[in-house]
Amino acid sequence: MNDTKYEQMTFEFESRPPIKGYPELHWTGKRPYKSTVYYPAQRKETYGEAKDGWLNKIYWGDNLQVMSHLLKDYRGKINLIYIDPPFDSKADYKKKIELKGKTVSNDQSTFEEKQYGDIWTNDEYLQFMYERLILCRELLSNEGSIFLHCDWHKSHYLRMIMDAVFGAANFRNEIIWHYKRWTASSKAFQSMHDNIFFYCKSNNYTFNKIEIEEEDYLKERKTTRGWNSNTVMSGGKRIRQLIVYNKELFEQAVNVGRITLDEWDKIVYSLGKKVPDDVWNMPFINPVSNERLDYPTQKPETILERIISVCTNPGDIVFDCFMGSGTTQAVAMKLGRRFIGADINLGAIQTTTKRLINVARDLNAQIDAGDKYTGFEVYNVNNYDLFRNPVEARDLILQALEVQPFETSNVYDGEKDGRMIKLMPVNRIATKADLQGLIANFPYKSFEKRKEEDPSAVVLKLTLVCMGHEPDLAAALKQELSAYKVDIDVVDILHDRTDLQFKRDSEADISVENGELIIKNFYPLNLMQKLSLDKETVAEWRQLVESVMIDFNFDGAVMQPSCIDIPEKNGMVKGSYKIPESAGIIRVKITDVLSESLEVEVQNG
């Protein structure tokens, strides 16, 4: 994929003017989002075969950059967008990292790893969502729909932003996902629902009417044994109503006399259906279900099954840019839809890849799998792969630069040698637009006081730390602060990374013996450091490994694994693999339980 000629491409957005008579949401630092630039992507891995020239796509990167990349080919072509974005829940979400098989020799076999944070300032969160919803609108087709999943924390704000971006007239439903869970008692009613906002792009949107089995009817079917006509008539109001709707079937039941549950099912099956309303009673994922992947905030497949079935047709494109564990993508694959997914967290990419490999394997084993799009490819966006987990990035950078961190400031991230330190977005370049939130929150009263005391004094010494940046970033900030004397510096850690150590690379001992590729040892040094392990205390390297994938004919650019070793939850990888006679260049990818990977080429012969 040659992205070079598109690197200067700019996409302009149509501004939606305020609607007279409708309220408009304002926040500190609100800025219009009128354009974006194209960001390149690099294809890294391919799984399965294309169908009708299509391979599903998974992107690792900031979804603002991913969607900016997608605009070139998919602007106005996405049929359905479902997003489950951050809720601003004021929590850090963690995943339990557990070694395979037996415990290691120091008996420290588990720990919790932050997967992502959901702690925002209000203004930062609203601008973040505003920009991404505008990009969603640009990608959505005229026949398309978008579903935004949220809860009480920010639903009232998000509804207003959705009105502004998509138009209040394009609102269709506020769906209530009702569930049951145990919560501690408090001086409030227990929160037992999420909100899902349903908007369309135009009135010409896809909506397939479906019927579902009514919850009360399902309870009756589960608990009724040996009903006869008398007990039917003395049953609940809903059952009596159902019988009235089809007297012929009820007369058949009377003639039969005493009937079994199976016979009862056959008679009234068609009567227990209804068109879904906007309250969906669906349970959380069962803790022992194969669906559960122990990924924080994972949503049930049943929610996505209903949304995708109603608002798309087979072959349509479904998009989720807050992918998480890949529920949207897995359901889309099962229902014969094409899909695109994105997430900034490498753990999400690894979890989704593993999940889709298993779904594709099961589907391809079925006789009628010909209508399913099971092949997919994995991309990086903009080559920003320094950090596998953006939650850790702040701490890692501050530690590497020896910065004293601030825990409570919403302006600066820390201080070093008398200079304030501000971390710009990780895993993407910093733009002039990123400065607006900083500009809005500067302590101007302090600046004025210092200026009054000494007009020649520098009121602010600031270092911006970024991973690539637009030209003249410091100059743009100085221009905004032209009323004051300031000292602005920019540190680009992509350029300076040779002097910084953010993570330790993994090591492996791999050999070819008697026609087999044998992994003798594997040392994921980051994981081992978290477990306080050294090489001598690793009795079984396979305990540390999530998967092994091997491309026996690597083309030098994109891995296309023909050998995929993903064991069951408590199982371990084989470690020894037969080399085909047709093998050429061998590329091995070993992924540890922390979702970090080592890729190496192995000489054959």
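The values are calculated or read from the model by the stated rules, or taken from the named source; none is laboratory data. Worth saying up front: this structure is predicted, and the values here are computed from it rather than measured. Cβ coordinates were reconstructed from backbone atoms using ideal geometry, including for glycine residues, and neighbour counts include every protein chain displayed.
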Open item on the list: residue 342 - would you say it is part of a helix (DSSP H, G or I), buried (at least 16 other Cβ atoms within 10 Å of the Cβ) and not assigned by TED's automatic domain parsing to the domain that holds residue 468?
Closed with: no
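Yes or no, residue by residue, for (1) among the charged types (D, E, K, R); (2) out of contact with any strand residue (DSSP E or B) (no Cβ under 8 Å at 6 or more places or on another chain); (3) on the phi > 0 side of the Ramachandran plot:
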{"residue": "432", "(1), (2), (3)": "yes, yes, no"}
{"residue": "435", "(1), (2), (3)": "no, yes, no"}
{"residue": "441", "(1), (2), (3)": "no, yes, no"}
{"residue": "447", "(1), (2), (3)": "no, no, no"}
{"residue": "454", "(1), (2), (3)": "yes, yes, no"}
{"residue": "470", "(1), (2), (3)": "yes, no, no"}
{"residue": "490", "(1), (2), (3)": "no, no, no"}
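Each row is one residue, and each column tells you yes or no for (1) β-branched (Val, Ile, Thr); (2) modelled with pLDDT of 90 or more.
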| site | (1), (2) |
| --- | --- |
| 142 | no, yes |
| 148 | no, yes |
| 152 | no, yes |
| 155 | no, yes |
| 165 | yes, yes |
| 172 | no, yes |
| 175 | yes, yes |
| 183 | yes, no |
Task: Yes/no for residue 142 being under 22 Å from residue 297 (Cβ atoms), surrounded by fewer than 21 Cβ atoms within 10 Å (Cβ to Cβ) and not β-branched (Val, Ile, Thr) - done: no
Task: Tabulated pairs, the stretch 283-294, first closer than 17 Å to residue 348 by Cβ, second of a type in the set (Lys, Arg), C-beta under 7 angstrom, 6+ apart or interchain - done: 285/292; 293/355; 294/95; 294/96
Open item on the list: Tally up the residues in the stretch 544-563 that are surrounded by fewer than 19 Cβ atoms within 10 Å (Cβ to Cβ) and either closer than 17 Å to residue 593 by Cα or among the small types (Gly, Ala, Ser) (or both), please.
Closed with: 3
Open item on the list: Please verify whether residue 502 is outside any helix (DSSP H, G or I) and at pLDDT below 80, treating the condition exactly as stated.
Closed with: yes
Open item on the list: If I ask for residues that are modelled with pLDDT of 95 or more and either of a type in the set (Phe, Trp, Tyr) or surrounded by fewer than 21 Cβ atoms within 10 Å (Cβ to Cβ) (or both), which ones from the stretch 588-599 would you list?
Closed with: 589
Task: Pick from the stretch 447-480, criterion without any contact (Cβ under 8 Å) to a residue 40 or more places away in the chain and touching a Leu at 6+ places or on another chain (Cβ under 9 Å), ranking: nearest to residue 59 (Cα to Cα) - done: 474
Task: Residue count, the stretch 517-533 (criterion: farther than 14 Å from residue 594 by Cα and either loosely packed, with under 12 Cβ neighbours inside 10 Å or within 27 Å of the chain's Cα centre (by Cα) (or both)) - done: 1
Open item on the list: So residue 154 passes all but one of these: (1) under 22 Å from residue 14 (Cα atoms); (2) crowded, with 20+ Cβ neighbours inside 10 Å. Which condition number does it fail?
Closed with: (1)
Open item on the list: So, residue 176, is that one touching a residue at least 60 places away in the same chain (Cβ under 8 Å), in contact with a helix residue (DSSP H, G or I) (Cβ under 7 Å, 6 or more places away or on another chain), in the same structural domain as residue 82 (by TED's automatic domain parsing) and on the phi < 0 side of the Ramachandran plot or not?
Closed with: no
Task: Every residue from the stretch 432-449 that is surrounded by 13 or more Cβ atoms within 10 Å (Cβ to Cβ) and polar (S, T, N, Q) - done: 436, 441
